[in-house]
Structure formats: structure tokens, C-alpha cells
Amino acid sequence: MDVTTSTLQLSTADGNMDAFEARPKDGGSYPGIVVLMEAFGLNDHIKKVTERIAQEGYVAIAPDLYHRESERIIPYSDMKKAIGTMNRLQDPKVMDDVGATIAHLKGQSNVKSGAIGVTGFCMGGRYTYLAAAHHNKDVKAAVCFYGGGIPMGDPSPLSRTGEITCPIYLFFGAKDPLIPMDQVGQINTELTHKKVSFSMKVYPDATHGFFCDERPSYNESAAKDSWEKLKTFFAQHLK
């Protein structure tokens, strides 16, 4: 499906926030997907993912969660800087940013306002989990890729699991040094205990960042399989 892309500015309490949007070129009406970035910023990889989602028949938009920072794109080689920048984010402010992005989607004439999904990678995977809880009136499906730190924070996203009302799919790598398997087990247990509709796939040979073909951690088979599962999942729950 042919798509068109643009960079928008969305209004937040802390000023304007850039967002990259991709949408089908025809005049149809489509579900909306919020794409939440890695700790490295709203870079070319996240923009490409946003375009790929739009090509499947969605209006997809990736907000720049680093809009309060002076340096908003961090190279994959500088993990230390990425973690430092990520750690300055505040969960309530990020949820405000996600809320502004959802409100933008719902205000578009070609978006089905009752069919909004969220997906995210790395840091964005954690915020996808949190958004499913915090924005549960709007988020109808969520897909988390290697969301690190879901049990972390005060309150943690994990502690808000009972607020999640939409189905959620989570992908992890068994060899991920940033997300120990005991954390994955905690998430599984809590989702089960709170009776959330969820699916979880752990790829035995994958590590952190397995979906990103611009990183050494890229795992082609895990990336392809998780992409097919994302497409099926969003089509099932949003279309």
C-alpha cells in the first residue's frame, strides 16, 4: 500500500513535540497505531518501522519522546548516552505525550477513533505496557518488543497491570542481558494473575534489539516472525 509521510508538531504542556506520521495515500478510513521509540530517539529505523506499519493499512505515528532534550538522536554505538537520556524521562510526562499523540489520531477524519493500537521497542516497549494501562479507554491492542524495566519505577508499569483492558503481545529474547528471564517470568505471572488477555513469545537465540536491522543484535528470523505476529495481532483486534 502506498503511503505518504510527514513530520508534525503536536502540542504538549512542555511545548511542541515533533512526531513522524505515515498514512495510506488513498482516502480510506484506517485504525491508528502509536509507535514508541527506542532509547536512541526518533531515528531513521523507527521512522521506517512507522512506514512499514502504515503500509499494512494503518495511520501510524511516532512521537519524539525526547522533545524536552537538546540532543534527541543518539547513535547506536553510544549506549551510555542513550541510557542517561532515557533515565531523565518521567513516566507521567511520557504518558502525557502518548495522550497527545492518541488525541491527534482520534481527531483525524481518516482514523477510526475506536481502533487505536500502540507498539514500542526497548524503552518504547516499556512505555507501550504503561500506555495500555494508563490510556486503557483508548488503547485497544498493544505490542511490546523487548520492553526493559517493566517491573521498574514507582509506580512501575507492572504494578498497573490490573488496569490493562486490551489484549497485549510481548516479545523477548532469551539472551537479552538487559531483561533477565526472571523479569519476563514476573510479567507473565502478573498478566496471568490479573487475567489480562496476552500472548508472549521468547526467542531462544535472540538478544536485546533483535528487531532492528541497524544493530549488531539484529536476529533475522526473530524479526520476521515477530513482524508477522504483529501484523496478525493488530489486524485481529483493530480491523
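The values are calculated or read from the model by the stated rules, or taken from the named source; none is laboratory data. All values derive from a computational prediction rather than experimental measurement. So basically every Cβ, Gly included, is an ideal-geometry build from the backbone, and we count neighbours across all protein chains shown.
Taking segment 115-154 as the range and being at positive phi and among the β-branched types (V, I, T) as the test, no residue passes.
What residue, of I46, I33, is under 28 Å from F233 (Cα atoms), assigned to a helix (DSSP H, G or I) and touching a residue at least 60 places away in the same chain (Cβ under 8 Å)? Don't jump to the end; show me each part of the working.
On the way: I33 fails: assigned to a helix (DSSP H, G or I).
Result of the check over I46, I33: I46.
Among the residues in segment 122-130, are any among the hydrophobic types (A, V, I, L, M, F, W, C), closer than 24 Å to P151 by Cα, out of contact with any helix residue (DSSP H, G or I) (no Cβ under 8 Å at 6 or more places or on another chain) and surrounded by 20 or more Cβ atoms within 10 Å (Cβ to Cβ)? Yes, segment 122-130 contains a residue that is among the hydrophobic types (A, V, I, L, M, F, W, C), closer than 24 Å to P151 by Cα, out of contact with any helix residue (DSSP H, G or I) (no Cβ under 8 Å at 6 or more places or on another chain) and surrounded by 20 or more Cβ atoms within 10 Å (Cβ to Cβ).
Could you list, in sequence order, all residues of segment 85-97 that are part of a helix (DSSP H, G or I) and either on the phi > 0 side of the Ramachandran plot or in contact with a Leu (Cβ under 7 Å, 6 or more places away or on another chain) (or both)?
Pass one, segment 85-97, residues part of a helix (DSSP H, G or I): 85-87, 91-97.
Residues satisfying the conditions are D91, V94, M95, D97.
Taking every residue in segment 201-226 that is within 25 Å of L191 (Cβ to Cβ) and pairing it with any residue that is among the basic types (K, R), at least 6 positions away or on another chain, the pairs with Cβ-Cβ distances below 8 Å are K201/K229; P204/K175; D205/K175; A206/K175; T207/K175; G209/R215; D225/K201; S226/K201. If only one of D154, D205, D182 is exposed (fewer than 13 other Cβ atoms within 10 Å of the Cβ) and modelled with pLDDT under 95, which one is it? Exactly one residue qualifies, and that residue is D154. Restricting the first member to segment 98-113 and to residues that are part of a helix (DSSP H, G or I), and the second to residues that are small (G, A, S) and modelled with pLDDT of 95 or more, the beta-carbon pairs closer than 7 Å and six or more apart or on different chains are V98/A131; A100/S11; T101/A19; L105/G32. Of the residues making up segment 49-80, just one is assigned to a helix (DSSP H, G or I) and over 25 Å from A223 (Cβ atoms), namely K80. Quick one: in segment 1-12, which of the residues that are surrounded by 13 or more Cβ atoms within 10 Å (Cβ to Cβ) and among the hydroxyl-bearing types (S, T, Y) is farthest from V49 (Cα to Cα)? By that ranking, first place goes to T12.
Against the definition (of a type in the set (D, E, K, R) and without any contact (Cβ under 8 Å) to a residue 12 or more places away in the chain), how does K175 come out, yes or no?
Working: of a type in the set (D, E, K, R): yes; without any contact (Cβ under 8 Å) to a residue 12 or more places away in the chain: no.
No; evaluated as a whole, the condition is false for this residue.
Filtering segment 13-25 to residues that are surrounded by fewer than 18 Cβ atoms within 10 Å (Cβ to Cβ) and more than 19 Å from the chain's Cα centre (by Cα) leaves A13, D14, G15, N16, K25. Considering only residues in segment 127-153 that are within 11 Å of L170 (Cβ to Cβ) and assigned to a helix (DSSP H, G or I), the one that is farthest from the chain's Cα centre (by Cα) turns out to be A132. Assess whether I187 counts as being part of a loop (DSSP other than H, G, I, E, B), surrounded by 13 or more Cβ atoms within 10 Å (Cβ to Cβ) and among the β-branched types (V, I, T). Spelling it out, it is not the case that I187 is part of a loop (DSSP other than H, G, I, E, B), surrounded by 13 or more Cβ atoms within 10 Å (Cβ to Cβ) and among the β-branched types (V, I, T).
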